[in-house]
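Colleague: I have a structure I would like to understand better, so I am pasting it below and will then ask my questions one at a time.
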Amino acid sequence: METLMMRDEQISPSANALEEALKESYPAYEQWMRTLTSPEQGYAPEINYYRDGKAWLCKGIHKKKTVFWLSYWDGFFKITFYFNEKTAADFLNLDIASQLKEDFRNNKPVGKSRPFTVIVRHPEQLADLLKVADYKRSLK
């Protein structure tokens, strides 16, 4: 069963709290955040408590654009990107694992958006996710 972590508004997601929540996936999270905030990538992650979801979430921002959302779970983290129908078609042309493309094809639209969520447990998953982030960041 998946359990959403970081739900207490009074406990901000410190490195210790995140390491305890994410367990073995914490090194992947650290690597993801280091890569995003590097000068080459230039993201400004914003971690805030969202009352509507009753949890701390990380919004991945590049310049003023929200590229992804990250949530903290028991033993892993999830990264979600949202695409519209026009940009969803081009998503399938990305040079990423075919299983990720299949997962995306199987996702149902939510309103006018098409979500793409990946459960991240290992650093090996990050290269493809960075390609997806680069693609989302390039969209107007």
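The values are calculated or read from the model by the stated rules, or taken from the named source; none is laboratory data. This is a predicted model, so every value here is computed, not measured. As a convention, Cβ positions derive from the backbone with ideal geometry for all residues, glycine included, and neighbour counts pool all protein chains shown.
Colleague: Are any of the residues in the range 84-94 surrounded by 14 or more Cβ atoms within 10 Å (Cβ to Cβ) and either touching a Leu at 6+ places or on another chain (Cβ under 6 Å) or farther than 14 Å from L129 by Cα (or both)? Steps first, answer last, please.
Modeller: Within the range 84-94, the subset surrounded by 14 or more Cβ atoms within 10 Å (Cβ to Cβ) is 87-88, 91, 94.
Filter once more, keeping what is either touching a Leu at 6+ places or on another chain (Cβ under 6 Å) or farther than 14 Å from L129 by Cα (or both): 87-88.
Yes, the conditions are met somewhere in the range 84-94.
Colleague: Here's a follow-up. Please work out if L94 is hydrophobic (A, V, I, L, M, F, W, C), part of a helix (DSSP H, G or I), touching a Phe, Trp or Tyr at 6+ places or on another chain (Cβ under 8 Å) and touching a residue at least 40 places away in the same chain (Cβ under 8 Å). Give the derivation first.
Modeller: On the way: hydrophobic (A, V, I, L, M, F, W, C): yes; part of a helix (DSSP H, G or I): no; touching a Phe, Trp or Tyr at 6+ places or on another chain (Cβ under 8 Å): yes; touching a residue at least 40 places away in the same chain (Cβ under 8 Å): yes.
Against the criterion (hydrophobic (A, V, I, L, M, F, W, C), part of a helix (DSSP H, G or I), touching a Phe, Trp or Tyr at 6+ places or on another chain (Cβ under 8 Å) and touching a residue at least 40 places away in the same chain (Cβ under 8 Å)), L94 does not qualify.
Colleague: Out of all the residues in the range 14-53, which are touching a helix residue (DSSP H, G or I) at 6+ places or on another chain (Cβ under 9 Å) and farther than 26 Å from K131 by Cβ?
Modeller: A15, E19, E20
Colleague: Kindly evaluate K108 against the criterion of being at pLDDT below 95, over 21 Å from K65 (Cβ atoms) and more than 14 Å from the chain's Cα centre (by Cα). Walk me through it before giving the result.
Modeller: Working: at pLDDT below 95: yes; over 21 Å from K65 (Cβ atoms): yes; more than 14 Å from the chain's Cα centre (by Cα): yes.
Spelling it out, K108 is indeed at pLDDT below 95, over 21 Å from K65 (Cβ atoms) and more than 14 Å from the chain's Cα centre (by Cα).
Colleague: Run E102 past the list (1) surrounded by 12 or more Cβ atoms within 10 Å (Cβ to Cβ); (2) part of a helix (DSSP H, G or I) and report the number of the one that doesn't hold.
Modeller: Of everything listed in (1) surrounded by 12 or more Cβ atoms within 10 Å (Cβ to Cβ); (2) part of a helix (DSSP H, G or I), E102 misses just condition (1).
Colleague: Considering only the range 123-138, I want to know if a residue exists there that is among the β-branched types (V, I, T), assigned to a strand (DSSP E or B), within 26 Å of E19 (Cβ to Cβ) and in contact (Cβ under 8 Å) with a residue 12 or more places away in the chain. Before the answer, list the steps.
Modeller: Of the residues in the range 123-138, the ones among the β-branched types (V, I, T) are 132.
Now narrow it down to the ones that are assigned to a strand (DSSP E or B): none.
The answer is no; no qualifying residue exists.
Colleague: Quick one: in the range 62-78, which of the residues that are among the hydroxyl-bearing types (S, T, Y) and in contact (Cβ under 8 Å) with a residue 40 or more places away in the chain is farthest from Y43 (Cα to Cα)?
Modeller: We begin by selecting, within the range 62-78, every residue among the hydroxyl-bearing types (S, T, Y); these are 66, 71-72.
Next, only the ones that are in contact (Cβ under 8 Å) with a residue 40 or more places away in the chain stay: 71-72.
Values: S71: 17, Y72: 19 Å.
Within the range 62-78, the match that is farthest from Y43 (Cα to Cα) is Y72.
Colleague: How many residues, within the range 1-35, are surrounded by 13 or more Cβ atoms within 10 Å (Cβ to Cβ), of a type outside the set (D, E, K, R) and without any contact (Cβ under 8 Å) to a residue 40 or more places away in the chain?
Modeller: So the answer is 3.
Colleague: Next up: Can you tell me which residue in the range 56-72 is nearest to the chain's Cα centre (by Cα), limited to those that are buried (at least 19 other Cβ atoms within 10 Å of the Cβ) and more than 16 Å from Y135 (Cα to Cα)?
Modeller: Here the residue is L70.
Colleague: State all residues of the range 105-120 that are crowded, with 16+ Cβ neighbours inside 10 Å and basic (K, R); if no residue qualifies, say none.
Modeller: If the condition is that a residue be crowded, with 16+ Cβ neighbours inside 10 Å and basic (K, R), then R114 is the only one that fits.
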